[in-house]
Amino acid sequence: MKILVCIKQVPDLESRFKPDANGVWFSETDLAFRMNEYDEYAVEQAVRLKEQLGDAPEVTVLSIGPDRVVEAIKKALAMGCDRAVHVQDPAVHLKDPWQIASMIATYAKEQGFDLILTGMQSQDRGSAQVGVSVAEQLGIPCATTLVGFSYADGTVTAKRELEGGVKGVVKLKTPALVTCQLGLNTPRYPTLPNIMKAKKKEISAVPVAELLKSAPLAQTVSFHAPAKKGSGLVLEGDVSELVNKVIGILKEKTAVLR
Amino acid sequence: MEATREIYWNVGHGVVWGMYLFAFLAMGICAWGFWKRLPVYRQGMLAQSKVLRVLDPGALHALFFWSFGLLFVGTLLIMAQADFAAPVLGIVFLKGAFYKLFSLVLDVAGIVALLMLGGLLVRRFFVKPEGLQTIRDDYVVQGLLFAIILTGFFAEGIRMAATEIGTNPGLARLSPGGLLFGTFLVGMTPAELSLAHKIVWWLHFFLAMGFIAAIPFTKLRHIFTTSANYLLADLGPKGAMATIDLEDESAEQFGAASVKDLTWKDIFDADACTSCKRCQDRCPAYATDKPLSPMKLVQQIGEIARETPEANLCHSVGEDVLWSCTTCRACQEICPASVEHVNKILEMRRNLTLMEGGFPGDEVRTAIGNIEVNGNPFGLAYAGRGDWAAGLDVATLESGAEVDILYFVGCYASFDKRNQEIARNFIKICAAAGVRVGILGKEEKCCGEPARKLGNEYLYQMMATENIELFKGYGVKKIVTTCPHCFNTLARDYKDLGLDLPVEHYTTYIGALMEQGKLQLAAEAFEFTYHDSCYLGRYMDIIDQPRAILKQAGGQISEMARSGLESFCCSAGGGRIFAEEKIGSRINVARVHMAKDTGAPLLISNCPFCLTMFEDGIKTGGVEGEIRVRDLAEIVAERISQ
Amino acid sequence: MKTLLIGEYREGKLLDSTYELIGFAGQMGADTALFLVGSEGQLPAYDGALYLADTAVAGEYNPDLHKLLVLEAVQRENPDYIVFLHSSYGWDLAPRVAAALQVAQVSEVIGTRDGGFEVGCCNGKMRRSVKPATGKAVLTIQAGAFLGVRPGGSPKVTRLSNVSAAGVEFVGYEPAEAKGVDLAKAEVIVSAGRGVGKKDNVQVIAALAKALGGELGASRPVVDAEWVAHDHQVGTTGQTVAPKLYVACGISGAIQHLAGMKKSDFILAINKDKDAPIGEVADVLVVADLMQFVPALTAQLQK
């Protein structure tokens, strides 16, 4: 069985973001990077499935981006993926979801993957399109927002998280694609032997030009900080003064305090 | 002809004399030479210095030890004369003045030994100190020793009744013990005395042989094992851990999963342990109802090694037990048997972390993940690490400014609001002393110590090598830090990874500045109590210098009962600064109450973890307004006189 | 400008959020037509064209089939924009339609700007303006970003043909865990976010809730960490609330949470980060250490 996990390296979301020189994405200065949180659930689920099937399946992890994404790839390998594909693209941030999806689909087409997993969205762009788009381009069934996953004999039984805490249970037959949501599993912390084994695992480098065949369907016109809302009052200072101010405001503006 | 040869052919049998004489001489010199070289004396085994650190029952044991030692030496002397010197050389030395001294000393030793045994018996069976285990061995040992000494006095008493008491009362008085026993027997007939003596003599002999035979099977083995441990104890820097070679591709096991992954000394420690429970008495985890007892842990390892050596060590000992340790070293510091508790726990933690990806809790996993991404456990963007220094007289090394010292700030002083005050005060002190300070700012990473103590050697080495590269790249000459954990790690642990620079904790650094006259304080009186942090006190033996500084600052100290090397941990060591305390009662609250009980209104500490734990402990412990905690840097900075 | 709005229907009900699509179109000044896989018995209060398929035949969740039905409506209506809600139904279906048509998709629109659509990114901390480069485009709009508009009246229904497709088999719904706390009825909610730091600190927030006579709420990470039970969760996967007073303690303001409480009458946020996105919706943002401010406020209220 062949499994593909698609991951993205994103900046740590605690950082302060500033537009880059072109004003269409964030500047990378002073940013720390990590694997997209949703993709961690995908990697973990892929590795769990491999373990469930007696280690027989081969799990490939793929990521597109500059050299720094190799860090994220190594983490996926340390978690248990068998091999990796690094699509080398120093300008990945300028590709739109359609281009990303079509590159992945172009790669995956000839490989015969039984199951593709990815996060439901990325923490930086958050368009939630790439996963579904890949499935559509490959013509395979797809379910999104998984918080439950089980597999037996070529059928995936998935639980989708819906609004209000309700779950929708669906079944798909492989080859299929699923996107993963927070709550699906707790990603494992790589053990040292696995970190060391990962250093020996194959990472094939593929130049982006080999896979990129389409033009973007949408353009980012600007990347900027949100406008400050005028109505919001920001209070700072000594705690006891703040307490008095807040109580005063609550008395005045709400009917809550008498 | 018979296949043999004539021994001593040609040189003659007369050589035997000289041979044995010189042989003994040579062996004597050899033994003496070894005695001189062995660190046994430094460990003070003969002087019983470690045992005497806790006077009750240390004094009882020490006196018993010396008495028993004297009796043993006495027996050797008798053997030397009776079986060798007299028949072979015709020499008798147990006579005259020497014999009188010999007689008195040994009798007194016997009486002292008997009294000490009695004291120990009362303590174990009547006073019953909390936590003292009494097992079958204890009955056997007490019984045997009493019986041996009593039969010894009996035999002596009978002999004296037959040969001395009546005829040589002056000599008899020099054996007061024997005299006491013998006086009652004077009325017996010589035949009765002879029979009684033979019986008691043989009884005494067999009891003594029984004693020797029983040594390996009972607690008595500590005579050899504990003494041996003095030889085997690690005399290296306190807190040193093995630095795992992460490049070694053949390594399959990291940390201790079973007893075979421990060193043989780790298992030997179980035999050297005499169950004195001094470690348990001082363990902050044990004191607050965590399942960890250092004594039981060490013994359990021995038990597993004997009975189920294939068993998974960590799961047999228990994860809660292992994660409860704060690496405060109180156990190791007080142990009179030189048992090394802490590194066993750390090796087992390495197995849990590196082989199983385990953590004491999710909050710890989050902190570790944050260190991986941003170089600090808070998850705050690394770019802001140097922001605390905005507007202050301190340069980043990146700017190329000339500096006298690199101030390694550490995660807490960089990001935690309360601890940033310490950093700022340290800068103020340095500025007043004319010291040019540089920091790494956003390039600085966590020193890696908490990760290392939790078992994550990989993350530790990753952080360490990045920091070391920076130190070397910038040509740093001297490092000063305000955190004892960073201090220990940079000064000791980093040596294994290629760093060899002078590293100082700010307390001794400030002390030196004051001695050199570069920093002057205008004393302002205040009352305080002082907390010796584990990593400054026990690990680095820096106990007097901070007190001297605070005295010069005008401080009047009320010491806590547990201070100096006996200080009681704040709970945050061993990586536990990241963890929630979920079992038992709060260690930091216990310590805050100890501080409050001194009556001092101010508690002074020297470590960011301690400061954080005590601020929390004051609130949680309901003593807000009754005691305040501050760092030494704050006290000094307020009193700078320029 | 013409829009085709994709309504939502679940567990036998037309979802109210469908009207937000109409509100959005109105803000854009666009003409509308509605698409719905639903039922005759629950038609929306809307007087325009409605392309309708019956869930009895097409199912409530059958993305491959629903995609074909949408494409049919697109073919007939020829809209400039096909607009979905950014919901578990919308973000699942929209990219399929976009891929089939090979047109741009802009996700989770919150407004327009610079001639493009404004969307959030980087966990809500930043914004992007995106312009489709194709003639048509698929849009998804953020839940709660646009006020629902009920035009009233009855739609002119066009029934869509029966087609079949089944890549995904729908098995059924699993109900949410029983709710012990009904936050929907609370007048005051005080919520704990990741900023409280640890489980022990939640009681501090609960104490404030009590002092204000309200209920304890929680953001999703706090529930996932098991510091608070799920029935206190506010947000898209928890409860949507609109109390008179909402106090957000240590909550950064991730979109999923904001969506659940944006409609509160008065929002007070307490956070040590002055730039936290919660400041966007808060009426008052107190920049302070939670564990210092909240107990002080509670104490003062109890006097």
(request) Please sort by residue number the GluC sites (Glu not before Pro) in the stretch A:100-177 whose DSSP state is loop and whose Cβ has at most 13 other Cβ atoms within 10 Å. (result) A:110
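Run the numbers for residue B:316 and residue B:469: contour at 0.36 nm per residue of separation, minus the present Cα-Cα distance, in nm.
51.0 nm
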(request) Please list, in chain and number order, the residues 5+ apart from residue C:288 or on another chain whose amide H is under 5 Å from its amide H, with Hs placed from the backbone. (result) C:271, C:272
(request) Classify the stretch B:259-356 as rounded, prolate or oblate from the Cα gyration tensor: take a ≥ b ≥ c as the square roots of its eigenvalues, call it rounded if a/c is under 1.5, otherwise prolate when a/b beats b/c and oblate if not. (result) oblate
(message) Placing one identical point scatterer on every Cα of the protein assembly as shown and ignoring solvent, what is log10 I(q)/I(0) from the Debye formula at q = 0.04, 0.06, 0.07, 0.09 Å⁻¹?
(response) -0.33, -0.65, -0.82, -1.17
(request) Could you work out the mean count of beta carbons from other protein chains within 10 Å of each residue's beta carbon in B:319-327? (result) 0
(message) Taking 51 Å as R0, compute the FRET efficiency from the Cβ-Cβ separation of residue A:150 and residue A:234 and round it to 0.05.
(response) 0.60
(request) Quote the FRET efficiency, to the nearest 0.05, computed for residue B:231 versus residue C:1 with a Förster distance R0 of 60 Å and r equal to the Cβ-Cβ distance. (result) 0.10
(message) Given points 7 Å out from each Cα along the Cα-Cβ axis, report the residue B:543 to residue C:229 separation in nanometres with one decimal.
(response) 5.3
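Round to the nearest 0.05 the FRET efficiency obtained for residue B:146 and residue B:95 when R0 = 41 Å and r is the Cβ-Cβ distance.
0.85
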(message) Using only DSSP helix segments of four residues or longer, with each worth -39500 (n - 2.57), what per-residue ellipticity at 222 nm results for chain B after dividing by its residue count and rounding to 500?
(response) -15500 deg cm²/dmol
(request) Calculate the all-directions average of the projected area of the stretch B:513-638's alpha-carbon convex hull, and give it in nm². (result) 7.9
(request) Sort A:254, B:308, A:60, C:237 so the one with the fewest other Cβ atoms within 10 Å of its own Cβ comes first. (result) B:308, A:254, A:60, C:237
(request) Evaluate peptide C:296-302: per residue, the Cβ atoms of other protein chains within 10 Å of its Cβ; return the mean as an integer. (result) 4
(request) Could you pull the Cα extents of the stretch B:445-494 along its three principal axes, largest to smallest, in whole Å? (result) 31, 20, 16
(message) Distance between the C-alpha centers of the stretch A:18-64 and the stretch B:157-214? Whole Å please.
(response) 88
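By Kyte-Doolittle mean hydropathy of at least -1.0 and Cα axial length of at least 30 Å, which whole DSSP H helices of chain B are selected? Walk me through the numbers on the way to the answer.
Numbers: long enough: B:15-37 (33 Å, 1.17); B:55-79 (35 Å, 1.60); B:96-122 (39 Å, 1.98); B:136-163 (40 Å, 0.85); B:190-214 (35 Å, 1.17).
The qualifying helices are B:15-37, B:55-79, B:96-122, B:136-163, B:190-214.
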(request) Provide B:589, B:373 in ascending order of the number of other Cβ atoms located within 10 Å of each residue's Cβ, fewest first. (result) B:373, B:589
(message) I need the shape label for the stretch A:2-211. Rule: rounded when a/c is under 1.5, else prolate if a/b > b/c, else oblate, with a, b, c from the alpha carbon gyration tensor.
(response) rounded
(request) State, to one decimal in nm, how far the label point of residue B:512 lies from the label point of residue C:75, with both points 7 Å from Cα in the Cβ direction. (result) 8.5
(request) Give the order of A:222, B:533 when sorted by the count of other beta carbons within 10 angstrom, beginning with the fewest. (result) A:222, B:533
(request) Provide Rg and Dmax in Å for the stretch A:17-72, with only Cα atoms included in the calculation. (result) 16.1, 50
(request) Determine, at each q value in 0.19, 0.21, 0.24, 0.30 (inverse angstroms), the log₁₀ of I(q)/I(0) that the Debye formula gives when each Cα of the stretch B:334-373 is one equal point scatterer. (result) -0.66, -0.72, -0.82, -1.00
(request) Indicate, rounded to the nearest 5 percent, the antiparallel portion of the DSSP beta bridges found entirely in chain C. (result) 20
(request) Can you find, among B:334, B:322, B:262, the residue farthest towards the positive end of the dipole of the stretch B:259-356? Put +1 on the C-beta of Lys and Arg, -1 on that of Asp and Glu. (result) B:334
(request) Report the charge-dipole magnitude of the protein assembly as shown in Debye, nearest 20, computed about the Cα centre from +1 at each Lys and Arg Cβ and -1 at each Asp and Glu Cβ. (result) 1640
(message) Under the rule a/c < 1.5 gives rounded, and otherwise a/b versus b/c splits prolate from oblate, where does the stretch B:152-216 land using the Cα gyration tensor?
(response) oblate
(request) Just grab the label-to-label distance for residue B:418 and residue B:527, each label 7 Å out from Cα along the Cβ direction, in nm (one decimal). (result) 2.3
(message) I want to make sure I understand the PRE zone here: with the label point 7 angstrom from the Cα of residue B:104 toward its beta carbon, which residues in the stretch B:77-98 have backbone N atoms less than 18 Å away?
(response) B:94-98
(request) Bin width 10 Å, alpha-carbon pairs only: give the P(r) of chain C as whole percents, running from 0 to the bin holding the largest distance. (result) 6, 25, 29, 22, 13, 4, 0
(message) On a straight-distance basis, which lysines could pair with residue C:199 in a cross-link, Cα separation under 23 angstrom, same-chain partners fewer than 8 positions away excluded?
(response) B:290, B:417, B:582, B:619, C:179, C:210, C:272
(request) Would you calculate, for chain A, the mean residue ellipticity at 222 nm contributed by helices, counting each DSSP H stretch of 4 or more residues as -39,500 (n - 2.57) and dividing by all residues, to the nearest 500? (result) -8500 deg cm²/dmol
(request) Could you tell me which of the pairs A:167/C:274; A:173/C:156; C:156/C:244; A:8/B:445 are separated by over 32 angstrom between their Cα atoms in the structure shown? (result) A:167/C:274; A:173/C:156; C:156/C:244
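Considering every residue in B:347-356, what mean count of other chain Cβ atoms within 10 Å of its Cβ is obtained?
2
Every number here is computed from the coordinates shown, using simple stated rules; none is lab data. Nothing here was measured: the structure is a model prediction, and the numbers come from that model. FYI the Cβ positions are ideal-geometry reconstructions off the backbone, even for glycines, and counts take in every protein chain you see.
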